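The next block holds one structure in the form of structure tokens; read it before the comments.
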Amino acid sequence: MDYTRIDANGQLAFTQSFDFLMIPSFLHGFQNNATSTKTAKSGRTVFCFEGMLDTFEEDRVCSCGAKMHINDHPEITLRHLPFGSSLSCVHFERNRYVCPRCGKTKLQPICFKAPGHMITAELYQYVCDLLATNTYNNKEVAELTGLGQNTVKTIDRGRLRGLYRTKDGSLIKPEKPAKFLGIDEFKLHNGYRYATHIIDMETGHILWIAGGKKKQVVYDFIEHVGLEWMSHVEAVACDMNSDFQEAFEEKCPHIQTVFDYFHIVKNFNDKVVSEVRKDEQRRLIQEGDLEAAKALKKARYILTSSRTTLQEKDAQAAQEHVIHKGSDLFKTQDIVRKPGQEERYDKLIGENKLLFTLDLVKEKLTLAYKQTDECLMAQEVIGIIDICQAAGNRHLLWFGRFLENHFEGIIAHATYHISAGKIEGINNKIKTLRRQGYGYPDDEYFFLKLFDMSRRSYVRNVPSHRFCD
Ligand SMILES: [Zn+2]
């Protein structure tokens with residue numbers, strides 16, 4: 001691809017540009033007559049295109065119909081496109097008109113100025129294009145364009161509003177009817193306030209997102225999409241500890257509630273595994289077995305992870321081990337082989353009967369959620385309830401009752417085979433965005449950002465070591 005400099009008006013113009021990023025450099029109505037360079041605070045070179053604005057007779061006609069006089073010529077500088085690592089701006093005077101009849105004043109319009117910003121429409125579009133690639137975060141876009149992060153954020157919010165809000169400010173309607181919905185709540189940045197999202201479980205698109213975690217969110221959503229749209233929905237996946245189920249059943253009794261695998265396991269980990277581990281730790285300390293207590297204290301992660309996750313982590317660790325060996329940084333004999341996570345897990349459950357029972361329940365839950373026949377799934381779940389009762393432990397007894405109380409919604413999973421992946425995917429995106437600082441302090445922007453992210457098939461996750469090797 002070759003780039004030719006065209007000397008029309010002394011401006012830089014390229015004959016070709018990348019397909020995905022157009023870089024228009026010609027400013028309509030602007031005559032560039034001199035170009036100077038200066039150095040920005042950051043040390044970067046700034047090309048300053050000085051020139052004149054074309055004037056048009058119709059611009060000086062007042063709303064009262066009289067012809068306006070030129071009053072004065074205030075100067076204006078607009079930030080323009082970066083050229084490589086250099087920045088640029090345009091600098092010119094524009095006329096201020098005053099009406100001899102009614103006294104009104106007005107400024108000469110600039111057709112290449114982005115409304116609301118002291119930048120050119122070209123730079124505005126370039127910022128939007130960079131943001132739309134979803135490759136750069138706001139800080140990187142600010143760096144690339146020489147703009148402040150707040151300006152980038154304001155532009156991004158405007159861009160997302162244009163994409164996902166209608167003229168009256170409400171969210172866009174779902175693109176198509178949904179068969180399965182998922183609803184879940186999540187914590188906002190300060191950890192005290194909650195928000196709720198409703199997703200299409202097949203596409204993963206967020207359809208509704210609002211502050212709070214009350215039934216009202218469901219009512220508002222149903223009003224937003226309408227009852228006709230809701231009539232296509234067959235099932236909704238949600239957590240057992242929410243009011244959402246009731247709200248859906250009230251308004252749309254045809255919808256089947258399904259308690260998905262993700263939430264069952266989350267409840268089991270939070271309210272059974274963690275509690276049993278703490279109880280066991282206390283017991284071991286009382287019995288004076290401090291070493292075993294210590295081992296258990298560190299085991300929260302491996303006890304709440306699935307066996308597949310542990311195996312993956314072990315495989316990853318083994319691979320890094322090989323890399324280190326290959327790099328000659330370590331002599332092979334220096335490496336003391338640490339037991340893998342799965343090995344540690346097996347040791348723990350081998351030594352503790354109660355932990356063994358937890359493992360059994362977890363494995364049987366996974367198996368139950370693979371069933372595609374409600375009768376078979378019911379049998380599996382009843383088997384789990386029996387194990388919980390036989391164990392006699394108070395946390396397991398609670399879990400047994402928990403399964404009984406939500407039995408219908410659990411076994412409905414066999415019919416409405418809702419994958420846990422979409423809910424987990426959204427939860428991970430929320431975490432990623434919060435880490436990048438989008439969640440603070442602007443909820444609307446955070447919500448729009450999530451709305452946008454859920455509509456992207458691939459979220460690039462740049463590893464931190466990318467620039468080091
Ligand atoms: Zn007038």
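Is it the case that ARG79 is charged (D, E, K, R), crowded, with 16+ Cβ neighbours inside 10 Å, within 16 Å of the ligand (Cβ to nearest atom) and in the same structural domain as GLN31 (by TED's automatic domain parsing)? Here the answer is no, as ARG79 does not meet what is asked.
Within 16 Å of the ligand (Cβ to nearest atom) and aliphatic (A, V, I, L, M): is that true of LEU163 in this structure?
Numbers: within 16 Å of the ligand (Cβ to nearest atom): no; aliphatic (A, V, I, L, M): yes.
Answer is no for this residue.
State yes or no: is THR39 more than 20 Å from THR151 (Cβ to Cβ), within 38 Å of the chain's Cα centre (by Cα) and either within 16 Å of the ligand (Cβ to nearest atom) or at pLDDT 90 or above (or both)? Here the answer is yes, as THR39 does meet what is asked.
Yes or no, residue by residue, for (1) over 20 Å from the mean Cα position of the chain (by Cα); (2) buried (at least 19 other Cβ atoms within 10 Å of the Cβ); (3) of a type in the set (Val, Ile, Thr):
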residue	(1), (2), (3)
GLU175	no, no, no
ALA195	no, yes, no
ILE198	no, yes, yes
PHE244	yes, yes, no
ALA247	yes, yes, no
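Among the candidates GLY350, GLY400, which residue alone is touching a helix residue (DSSP H, G or I) at 6+ places or on another chain (Cβ under 8 Å), exposed (fewer than 15 other Cβ atoms within 10 Å of the Cβ) and free of Cβ contacts under 8 Å to residues at least 24 places away in the same chain? Break it down into steps so the answer makes sense when it comes.
Values: GLY400 fails: exposed (fewer than 15 other Cβ atoms within 10 Å of the Cβ).
After ruling out the rest, the residue left standing is GLY350.
Only residues that are surrounded by 17 or more Cβ atoms within 10 Å (Cβ to Cβ) and either among the basic types (Lys, Arg) or outside any loop (DSSP other than H, G, I, E, B) (or both) were counted across segment 281-301, and they come to 5. Count of segment 83-141 residues, restricted to those that are over 22 Å from ARG44 (Cα atoms), within 22 Å of the chain's Cα centre (by Cα) and hydroxyl-bearing (Ser, Thr, Tyr), is 2.
What number of residues in segment 100-144 are over 28 Å from ALA66 (Cα atoms), aromatic (Phe, Trp, Tyr) and either buried (at least 19 other Cβ atoms within 10 Å of the Cβ) or within 16 Å of the ligand (Cβ to nearest atom) (or both)? Here the count works out to 2. Cβ-Cβ contacts under 6 Å between residues 6 or more apart (or on different chains), taken from a first residue in segment 94-116 that is outside the structural domain of LEU27 (by TED's automatic domain parsing) to a second residue that is near the ligand (Cβ under 10 Å from one of its atoms) and at pLDDT 95 or above, are absent.
Within segment 50-76, count every residue that is more than 16 Å from the ligand (Cβ to nearest atom) and farther than 19 Å from ALA40 by Cα. Give the derivation first.
Restricting attention to segment 50-76, the residues satisfying the condition of being more than 16 Å from the ligand (Cβ to nearest atom) are 50-56, 72-76.
Among the residues that remain, those that are also farther than 19 Å from ALA40 by Cα are: 51-56, 72-75.
Residues in segment 50-76 being more than 16 Å from the ligand (Cβ to nearest atom) and farther than 19 Å from ALA40 by Cα: 10 in total.
Taking segment 24-83 and the strands (runs of 3 or more DSSP E) fully enclosed by it, the elements with 2 or more residues that are within 23 Å of TYR124 (Cβ to Cβ) are at 30-39, 45-53, 75-83. Being within 20 Å of ASN427 (Cα to Cα), out of contact with any strand residue (DSSP E or B) (no Cβ under 7 Å at 6 or more places or on another chain) and of a type outside the set (D, E, K, R) is a property that does not hold for TYR219. Among the residues of segment 84-99, those that are of a type in the set (S, T, N, Q) and either assigned to a strand (DSSP E or B) or within 16 Å of the ligand (Cβ to nearest atom) (or both) comprise SER86, SER88, ASN95.
The values are calculated or read from the model by the stated rules, or taken from the named source; none is laboratory data. Nothing here was measured: the structure is a model prediction, and the numbers come from that model. Ideal geometry is used to build each Cβ from the backbone, glycine not excepted, and the neighbour counts take in all protein chains shown.
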